[in-house]
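Asks: Take this structure, written in structure tokens, and hold onto it; I'll ask about it next.
The values are calculated or read from the model by the stated rules, or taken from the named source; none is laboratory data. As the structure is a prediction and not an experimental result, all values here were calculated from the model. For neighbour counting, all protein chains shown are included, and Cβ atoms are generated from backbone atoms with ideal geometry for every residue, glycine included. Accessible surface is based on the protein model in full, side chains and every heavy atom, while ligands, DNA and RNA are left aside. Shrake-Rupley method; radii C 1.70, N 1.55, O 1.52, S 1.80 Å.
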Amino acid sequence: MKRNTILLLLAAALMTAVSCGKDSEKPEQPTHGGTADGWPEKKISRIVHSVGTFDYLTYDFSWEGDLLSEISCTMYDGTSLGRTVLEYDGSRLARVYPYDGAGTAYIDGAMHYHYGTDGRLERQTFLLPMRATGDLCQQTFDEVLPCELVYSYTDDGHVSAVQANKTMDDGSVETSTYTFGWEGNNVVSVTCDGQPLFSNMQYDSNPNPMRFPMGMETMGVTNMIFEGVLGNSVLFLGYAFCWSENNMTTLLSGSGQCSYTYDDDGFPTSKTIGTGSQSNTYTFSY
């Protein structure tokens, strides 16, 4: 069995990732890594990922009132890569799970949300699909391991640490602890077990439309750790630090450039990542 550590998976995903007061009239939302409790004021309806001038992937968002209910992903030729369903208990996320492109639901591997008496996200539990070989392109998951993410908070409501626990076949538990540094409502540093992963993250001053109150899976780790849990339709979340209030302008990989265009309300209409002669553009519709 491939015994990947959560640290290696997170580091690999984050190295490819770039990112991009409570309204009393809105329903109560789970606390996430910032002071805002709800989904963004302006709701994304579509994101188109273009490679150069070629529109490669399209992500469509469905909402029920103020709550995101579904994300679907379609390739350039119309082929479905599946969808991700978000279920709620009242206004709090309770369960998230994917459908594949053929319409098969993978409920057994769902991400489950658990809250404390203060309403904050306390734990997430899920079954982590594992591959038996080191081939990251292998599409078949050979077994699953029980995992949980346990959250700690600062006095002002920001996530200070997440303990990731993975239970192995022999009953032993592999644990890694991630800590997050903040400036205002933006994450500016990430460490794992005391070792720096990233620092000096820079942001614009405009609202982040992907500041979703979900959990660590929206912190740029989706494409390596949670693909089998949440499905292809949320792979774009690996390109945004969704706990942060503003849009990241630096590239965690340390190479290339990131630029934005904005609408009259200050929300991004496009984000372009340039590396050498290669460019990737994410176009936002609301």
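Asks: In the range 266-286, what count of residues is obtained for those that are surrounded by fewer than 16 Cβ atoms within 10 Å (Cβ to Cβ), closer than 17 Å to residue 208 by Cβ and touching a Leu at 6+ places or on another chain (Cβ under 9 Å)?
Replies: Looking only at that region, the number is 0.
Asks: Please work out which one of (1) under 22 Å from residue 207 (Cβ atoms); (2) not in a strand (DSSP E or B) is the condition residue 155 fails and give its number.
Replies: (1)
Asks: For the range 165-176, what are the residues that are in contact with a Ser or Thr (Cβ under 9 Å, 6 or more places away or on another chain) and surrounded by fewer than 17 Cβ atoms within 10 Å (Cβ to Cβ)?
Replies: Across the range 165-176, the qualifying residues are 173, 174.
Asks: Now for a separate question. Quick one: in the range 39-67, which of the residues that are in contact with a Pro (Cβ under 7 Å, 6 or more places away or on another chain) and surrounded by fewer than 18 Cβ atoms within 10 Å (Cβ to Cβ) is nearest to residue 214 (Cα to Cα)?
Replies: So the residue we want is 66.
Asks: If you don't mind, another one. Can you tell me which condition residue 93 does not meet? The list is (1) within 25 Å of residue 150 (Cβ to Cβ); (2) among the hydrophobic types (A, V, I, L, M, F, W, C); (3) surrounded by fewer than 19 Cβ atoms within 10 Å (Cβ to Cβ), and all the others hold.
Replies: Among (1) within 25 Å of residue 150 (Cβ to Cβ); (2) among the hydrophobic types (A, V, I, L, M, F, W, C); (3) surrounded by fewer than 19 Cβ atoms within 10 Å (Cβ to Cβ), the lone unmet condition for residue 93 is (3).
Asks: If we keep just the residues of the range 101-114 that are open to solvent by less than 50 Å² (accessible area, probe 1.4 Å) and within 19 Å of the chain's Cα centre (by Cα), which is modelled with the highest pLDDT?
Replies: Only one residue fits best here, namely 113.
Asks: Condition first: of a type in the set (A, V, I, L, M, F, W, C) and either open to solvent by 30 Å² or more (accessible area, probe 1.4 Å) or part of a strand (DSSP E or B) (or both). Now tell me which residues in the range 183-202 satisfy that.
Replies: Listed by number, the residues that qualify are 187, 188, 190, 192, 197, 198.
Asks: Further, regarding this structure: Any residue that is in contact with a helix residue (DSSP H, G or I) (Cβ under 9 Å, 6 or more places away or on another chain), modelled with pLDDT under 90 and either outside any strand (DSSP E or B) or surrounded by fewer than 21 Cβ atoms within 10 Å (Cβ to Cβ) (or both) - is there at least one of those in the range 241-251?
Replies: Yes, the range 241-251 has at least one match.
Asks: Hey, does the range 128-141 have a residue that's open to solvent by 20 Å² or more (accessible area, probe 1.4 Å), at pLDDT 95 or above and assigned to a strand (DSSP E or B)?
Replies: no
Asks: In addition: Taking the options 238, 157, 220, name whichever one is on the phi > 0 side of the Ramachandran plot, at pLDDT below 90 and open to solvent by less than 50 Å² (accessible area, probe 1.4 Å).
Replies: One residue alone meets the criteria, 220.
Asks: Next question, about the same structure. Which condition from (1) modelled with pLDDT of 95 or more; (2) open to solvent by less than 60 Å² (accessible area, probe 1.4 Å) is the one that residue 81 breaks?
Replies: Every listed condition holds for residue 81 apart from (1).
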